[in-house]
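A short write-up of the structure that comes next.
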């Protein structure tokens, strides 16, 4: 089964900076089609849980305590890339807004709860290596299309199976009709004994009580007297 990398917090792992999670129950529907590989770049990069919230500012990542945690974020992002390479993963579902996993938006770096266009460190590195990245909202749309496609495929298979069953039933009925139209053993009535020939009845083209006329051959045969 194909594997997908997914932010661990989205499936309920307690990896969020405050010790919580961002579980999305609807995303569990992906398990019908894929094997999910949970991954938290920040914790894999060596940061604890809980931890100070961090925001990306340019190429650096600073936490609310003023500490530079850029190295930990890039370390976790590179580990995510290696995991994708190891498991042959081509799609990652990441938590929007995160300084590591944001796919379209991140916080502006000044801890004023303001988002700007941008991407997290992990999302950026995965994309730069050809891995498709989407956020949780896009993932739900992706899942919906996958489910619709699967349903259409199941309906198609059901129609094919129904048509095959009807064709088989038609062949069975035709075979039964042919079988019934053939004479069965003992079906005909037994004939009685042959009637004896009576005088005057023809047998082999001649009357039954006379022999066929055969004129005498050779010389000296008698002539009929007038």
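Give the separation of the Cα centroids, region 1-49 to region 67-138, in Å. Going from one Cα centre to the other spans 13 Å. Placing R0 at 41 angstrom, the Cβ-Cβ distance between residue 105 and residue 159 gives a FRET efficiency of 0.40 after rounding to 0.05. Nearest 5 percent is fine: what portion of the DSSP beta bridges confined to region 30-163 is antiparallel? That works out to approximately 65 percent antiparallel. For 68, 21, the sequence from fewest to most other C-beta atoms within 10 Å is 68, 21. Distance between the modelled labels on residue 141 and residue 82, one decimal in nanometres: 3.5 nm (7 Å Cα→Cβ projection). Using only C-alpha atoms and all pairs of different ones, pull out the Kirkwood radius for region 3-145 in Å with one decimal. 14.9 Å is the Kirkwood radius here. For region 89-141, the percent of C-alpha pairs falling in each 5 Å distance bin, counted from 0 to the bin holding the largest distance, reads 5, 24, 29, 23, 12, 5, 2, 0.
Rule-based calculations on the coordinates, nothing more; no lab input. Here the structure is a predicted model, which is why all the values come from computation and not from measurement. When we count neighbours, we look across all protein chains shown, and the Cβ atoms used for this are built from the backbone with ideal geometry, even at glycine.
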